[in-house]
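What follows is a short report on a single structure.
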Amino acid sequence: MREYLIKRIIIIILLIWTIVTVNFVLFRMIPGDPVRLLFFDPRITAEAQKKLASNFGLDKPLYGQYFIYLSNLVKGDWGKSFLYREPVLGIVTKRLFNTLILLVPAVLLAVIIGNLLGVIAAWKRGTKIDTSILSFVLICWSLPAFWLGIVLIIVFINIFPISGMTSVGSEYLSIFQQIKDVLYHMILPLVTESIVLVGEYTLIMRGTLSEVLTEDYITTAKSKGFGDFYILRNHAVPNAMLPMITLIAINFGLIVGGAIQVETVFSWPGVGRLMYDSIMTRDYPVLQGTFLVVAIAVVLVNFMADILYPYFDPRVKLK
Amino acid sequence: MKFRIRLNIKGIIGLTIILVEVFFACFPSLIVFHNPHEMNYSAIFLGPSREHLLGTDEVGRDIFSLLIFGTRASLMVGFIAVGISTTVGSIVGLLSGYYKGIISEVLMRFTDLFLAIPRLPLMLVLVALVGQSIWNIIIVIGLLLWSQVARIVRSQTLSIREKSFIERGKAFGYSDFRIIIFHILPNVLPLVFANAILLMGSAIYYEVTVSFLGLGDPTHISWGMSLHYAFESSAILYRAYWYIIPPGVAIVITVLAFTLIGNALDESFNPKLRER
Amino acid sequence: MNIINIRDLKVFYRTHKGKLRAIDGVKFSLNKGESVGMVGESGCGKTTLALSILKLLPPRGYIEDGNIFYKGEDLVQKSEREMRKIRGNEISIVFQGAMNSLNPVKTIGEQISEGLLLHTNMSKVEAFDKAKESLISVGISPDKLIEYPHEFSGGMKQRVMIASALVCDPQLLIADEPVTALDVMVQAQILELLNRLKQEKKLSLLLITHDLSVVAETCDKIVVVYGGKILEYANIEDSLLHPYSKELFRSFPNINGPRILSKGILGTPPNLINPSRGCRFEPRCNQSLKICVKEEPRLIEVCDQHFVACHRLKTSGA
């Protein structure tokens, strides 16, 4: 177990280091002098620019800049937003919380519904029920998240809030009413994110479960006198759930991609919307910071799935 | 080995849709009678009418014309980006599957790295940095999708390389290059082809999303740009459904059509899938 | 008194090329406490017969005609719900592929005791105690109950399968190639175990195998099946008379006999989709007569409790 863990941790550190380096290189190797873009906000004075330059070691050769970049990252100095005039790290962490509030329930909902549909489709394989689920799911899967969001806004514009996370003046309400207000704002973005994710999960579950249902131990359970439902719940689904854990983690990039679109459309003040805003306003330090956070988050989720998997599968013995 | 392409009914439907779209993309002027670039500030946000089948946008352009002309950008992105990613992915996959040892290891780690970084954010950053043009978008998408192809080609190559006819080729003294090109590649090709069709759906999806998120090419007409303008011009508040629904439906239909063809090809090349 | 009585059973499979007659008019019975060995080449319908008794045929298979009487009640007429009460409770089965027959994510204890929880009113604790007993009776230490199948060897898995099949004290055990995938030492141990349990629990046993020596060690009677039909039915002490049975017997090497290389039986098993009108074995038979091509031989009693389906025996009056 220990050896496995150490190995995984080394890999994860290497991966994060690579991402950090890619991030450094990307923002410096681009035509049009992105260094200038990154550090010299046209809105500040020449003197302040000079000071910034020496702060970031821009007068030094590239490898010198790289080490300054690394040490600044570790120290938590991720640069300053052109737009908000605040440290990037602070902005991103604040927004990360909002993103999680939206994403965690959305993914859970999608996983539950996706698994349920997948189980039904696999169980009724080849029937009309299976075909209808498949068609529904394929359409969900090809829907661009942002477009679905816009369509839902048009349909529900008079019923649910369509923008932001809170109502104007909600900070004067009681804490209970504030939570209710956020939940109310969450409905449409949450439904949108869940719908675009549900397709993937259904297809995966249907595929794995169909395979599990052909295994010998399913026949064994039948020969003991168990009915379909018991076998499905106690024998088939627990086995089919195992690959799901890994697959959800591997496809975590998909979740992030959906979140950027959904947050943009619903003006949800999360990391995704921050990324969109930073693109629109050419706020490069923020763009760099959000990309770093998102990429590292995806890598960490995969790492967690790797670590947790052995606890669910008795066959994987860690040595 | 010979592979016969047999499409099921879903595949034929998908193919028909794509062929119609290819026709639109090649001869858009035969279908529409408005110049899609023509603005008319006295006719903005008009609903569907005989003059404007799908109404007009915030600067008075004819939406039906934009829709038909937009086919070109989507298909172009799909074909060229997938061409790039399939070529790169196949080369990496073949090499890392055929050679054991350090080359294979390095190539595979590189592929894993690309798979680990979330795609959409990376695309956004890259396009934001290299500049918004349709060609930059195509190249970025092409260069980010190859890792998937590499993985599939590698695993297929690994299993083919163990087959006896490869051993025989080696015994005859054929060069590695010859074995890869004439013996392994033909066996991998059907799978690569089916996967390429599936990837086209993804490529189009990414182009649309990148454009919607404000990084599209403003000089090109595309569905993603239409939706970007619709969103930015508050078409939602005007409830201009005629502006928002058609490009989205076009995207869904196109992505779906490629998926149907891809799945049908997969089934026709992979007898195991057909039985189940 | 017979526990299983099969009458003119026909079981078919739907295939692309037409109906496959996997079992085509099988008739035999099994007395209480008796053990019958069923032998034949692979693909002759042995496993199909086992699955038909429990009505666990795959979706493409169905019982076309005939009856399967279990203690006088026809299983063919029973609903799925009624069958569930019989499976694992009155009739149990042990399958060939012990490797995959156990669920990898459940402990041995859970898998043995779950049948008890279904068929009896036992509490979880009682069921676990009974499972422990059952595990001991197949010669496995009871502290293995909380382990997972992947920690077990092939032979041990098969013991677990037997323990789990017998935990509800069924009347009839069907063992479908129970030792095929195991090595010879383990085979002998498992057969010994089956023999012992059969005696202790007064179990009726239907043992399906392609290995005549397995039948000789375990069974009172032998049924020879070929192409979905029974060719011979005899006591284990009788010498087999049908040409196919003889060939089958000969193709197994005898340790005590002269050292000759086994010849095997020439030809391939018959086409079950469009079977010939005559005897199924005729194309491979080295003693065939003219009538064998035209007419199918019926199963006739040649001496006490010994039935053979062969024209040659009828004409020679043996």
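The values are calculated or read from the model by the stated rules, or taken from the named source; none is laboratory data. Everything numeric here is computed off the predicted structure, so don't read it as measured data. Cβ coordinates were reconstructed from backbone atoms using ideal geometry, including for glycine residues, and neighbour counts include every protein chain displayed. Keep in mind that these areas ignore ligands, DNA and RNA; they rest on the heavy atoms of the full protein, side chains included. Shrake-Rupley method; radii C 1.70, N 1.55, O 1.52, S 1.80 Å.
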Strands (runs of 3 or more DSSP E) contained entirely in the range C:134-229, each with at least 1 residues that are farther than 18 Å from C:Gln96 by Cβ, touching a Leu at 6+ places or on another chain (Cβ under 7 Å) and not aliphatic (A, V, I, L, M):
C:204-209
Tally, over the range A:210-267, of residues that are within 27 Å of A:Ile187 (Cβ to Cβ), more than 9 Å from every other protein chain (Cβ to nearest Cβ) and among the hydroxyl-bearing types (Ser, Thr, Tyr):
1
Filtered residue count, the range C:1-47, keeping only those that are surrounded by fewer than 22 Cβ atoms within 10 Å (Cβ to Cβ) and either among the β-branched types (Val, Ile, Thr) or without any contact (Cβ under 8 Å) to a residue 24 or more places away in the chain (or both)
4
Tally of residues being under 15 Å from A:Ile260 (Cα atoms), more than 8 Å from chain B (Cβ to nearest Cβ) and touching a Phe, Trp or Tyr at 6+ places or on another chain (Cβ under 8 Å) across the range A:275-285:
1
Scanning the range A:162-178 residue by residue, those away from chain B (no Cβ under 13 Å) and within 23 Å of the chain's Cα centre (by Cα) turn out to be A:Gly164, A:Met165, A:Thr166
Answer from C:Glu151, C:Glu192 - the residue that is within 14 Å of another protein chain (Cβ to nearest Cβ) and open to solvent by 60 Å² or more (accessible area, probe 1.4 Å)
C:Glu151
What number goes with the only condition from (1) open to solvent by 50 Å² or more (accessible area, probe 1.4 Å); (2) over 14 Å from A:Ala121 (Cα atoms) that A:Lys224 does not pass?
(1)
Please list, ordered by residue number, the helices (runs of 4 or more DSSP H) wholly in the range A:40-158 having 2 or more residues that are at pLDDT 90 or above and in contact with a Ser or Thr (Cβ under 8 Å, 6 or more places away or on another chain).
A:88-123, A:128-142, A:145-156
Kindly indicate whether A:Phe266 is touching a residue at least 60 places away in the same chain (Cβ under 8 Å), closer than 28 Å to A:Arg85 by Cα and under 15 Å from the mean Cα position of the chain (by Cα).
no
Looking at the range A:71-78, is at least one residue surrounded by 14 or more Cβ atoms within 10 Å (Cβ to Cβ), touching a residue at least 24 places away in the same chain (Cβ under 8 Å) and more than 30 Å from A:Ser194 (Cα to Cα)?
yes
Scan the range B:218-259 for residues that are facing chain A (nearest Cβ under 8 Å), open to solvent by 10 Å² or more (accessible area, probe 1.4 Å) and in contact (Cβ under 8 Å) with a residue 60 or more places away in the chain and report the count.
1
Please give the number of the condition C:Ala131 fails out of (1) surrounded by fewer than 23 Cβ atoms within 10 Å (Cβ to Cβ); (2) farther than 27 Å from C:Leu9 by Cβ.
(1)
Flag for C:Glu64 being more than 17 Å from C:Ile3 (Cα to Cα), more than 19 Å from the chain's Cα centre (by Cα) and facing chain A (nearest Cβ under 9 Å):
no
Determine whether the range A:203-214 contains at least one residue that is out of contact with any Leu (no Cβ under 9 Å at 6 or more places or on another chain) and part of a loop (DSSP other than H, G, I, E, B).
yes
Number of the exception - B:Ser96 against (1) surrounded by fewer than 19 Cβ atoms within 10 Å (Cβ to Cβ); (2) farther than 28 Å from B:Pro218 by Cβ:
(1)
Is it true that some residue in the range A:252-270 is among the acidic types (Asp, Glu) and open to solvent by less than 30 Å² (accessible area, probe 1.4 Å)?
yes
C:Val125 fails exactly one of (1) buried (at least 16 other Cβ atoms within 10 Å of the Cβ); (2) assigned to a helix (DSSP H, G or I); (3) over 25 Å from the mean Cα position of the chain (by Cα), namely (1)
From the option list A:Val155, A:Val137, single residue qualifying as within 14 Å of chain B (Cβ to nearest Cβ) and in contact with a Gly (Cβ under 7 Å, 6 or more places away or on another chain) is A:Val137
Look at B:Glu167 and say whether it is within 14 Å of chain A (Cβ to nearest Cβ) and assigned to a helix (DSSP H, G or I).
no
Which residue, of B:Leu95, B:Leu129, B:Leu107, B:Leu75, is within 14 Å of chain A (Cβ to nearest Cβ) and part of a helix (DSSP H, G or I)?
B:Leu129
